[in-house]
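Trainee: My questions all concern the structure below.
The values are calculated or read from the model by the stated rules, or taken from the named source; none is laboratory data. If you're wondering where the values come from, they're calculated on a predicted model, not measured in any experiment. Positions of Cβ are backbone-derived with ideal geometry, glycine not excepted, and every protein chain shown enters the neighbour counts. These accessible areas exclude ligands, DNA and RNA; they are computed on the full protein's heavy atoms, side chains included. Shrake-Rupley method; radii C 1.70, N 1.55, O 1.52, S 1.80 Å.
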Amino acid sequence: KYDGGIIYGANDFVTLPQPLIDTLSSLGFTTFIDDIISSGLKKKLSDTPAVTVFTFANSSKTFSIDINEYTITGFLGYSPKLVDQRSLKNNAGKTLTFKYKHGSLFVNDTRVVRSDITSKNGVVHQLEKVSCSPCEQSEHG
């Protein structure tokens with residue numbers, strides 16, 4: 001039943017969100033995917049509903065990261081919800097603090113340059129840099 005409203009035309013096909021790894025791959029986050037695979041967490045992050053991921057652009061980093069520091073499972077963290085929560089524990093058990101500053105979302109002291117990228121089972125946020133782990137902030141402030 002039609003009950004008023006506006007119908008808009010589409011310029012392209014609407015696509016459904018892809019699985020997390022496919023979403024990361026389509027965005028070119030291959031370095032992060034390599035870290036997921038080497039950590040043995042590909043299946044867990046692909047199969048778990050409600051995954052929030054903080055990733056970074058590809059870099060020439062020569063160190064591996066703890067993927068658990070960059071993920072929260074069991075919570076679908078779109079940016080308004082993150083700021084509402086103010087802080088959450090990541091999968092490594094460390095506290096992530098969220099705030100808006102100068103019109104940008106920050107995870108601890110790292111700026112989010114691209115937020116709310118939808119995947120089939122979660123959401124992805126791109127951090128400004130990898131050199132600043134979202135967990136460098138101490139638990140004591």
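Listed here are the residues, each with its yes/no results for (1) over 12 Å from the mean Cα position of the chain (by Cα); (2) within 18 Å of Val130 (Cβ to Cβ); (3) part of a loop (DSSP other than H, G, I, E, B).
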site	(1), (2), (3)
Asp22	yes, no, no
Gly28	yes, yes, yes
Asp35	yes, yes, no
Gly40	yes, no, yes
Lys43	yes, no, no
Thr52	no, yes, no
Lys81	yes, no, no
Asn91	yes, yes, yes
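Trainee: Among what's in the stretch 34-57 and is open to solvent by 10 Å² or more (accessible area, probe 1.4 Å) and touching a strand residue (DSSP E or B) at 6+ places or on another chain (Cβ under 9 Å), pick the residue that is modelled with the lowest pLDDT.
Mentor: Only one residue tops the list, namely Ala57.
Trainee: Across the stretch 54-79, what is the total count of residues that are assigned to a loop (DSSP other than H, G, I, E, B) and of a type in the set (Asp, Glu)?
Mentor: Qualifying residue count for the region: 1.
Trainee: Report yes if some residue within the stretch 62-73 is within 19 Å of Glu128 (Cα to Cα), of a type in the set (Ser, Thr, Tyr) and open to solvent by 30 Å² or more (accessible area, probe 1.4 Å); otherwise report no.
Mentor: Looking through the stretch 62-73, at least one residue is within 19 Å of Glu128 (Cα to Cα), of a type in the set (Ser, Thr, Tyr) and open to solvent by 30 Å² or more (accessible area, probe 1.4 Å).
Trainee: Follow-up. Considering only the stretch 5-17, state which residues are open to solvent by less than 90 Å² (accessible area, probe 1.4 Å) and not hydrophobic (A, V, I, L, M, F, W, C).
Mentor: Selection gives Gly5, Gly9, Pro17.
Trainee: Still on this structure: Write out, first by first residue and then by second, each pair whose Cβ atoms fall under 7 Å of each other, whose residues are 6+ apart or on separate chains, and whose first residue, in the stretch 24-44, is more than 18 Å from Thr118 (Cα to Cα) and in contact (Cβ under 8 Å) with a residue 40 or more places away in the chain while the second is open to solvent by 50 Å² or more (accessible area, probe 1.4 Å) and part of a helix (DSSP H, G or I).
Mentor: The qualifying pairs do not exist here.
Trainee: Just one of the numbered conditions (1) over 18 Å from Ser115 (Cα atoms); (2) in contact with a Gly (Cβ under 9 Å, 6 or more places away or on another chain) is not true of Gly9; which one?
Mentor: (2)
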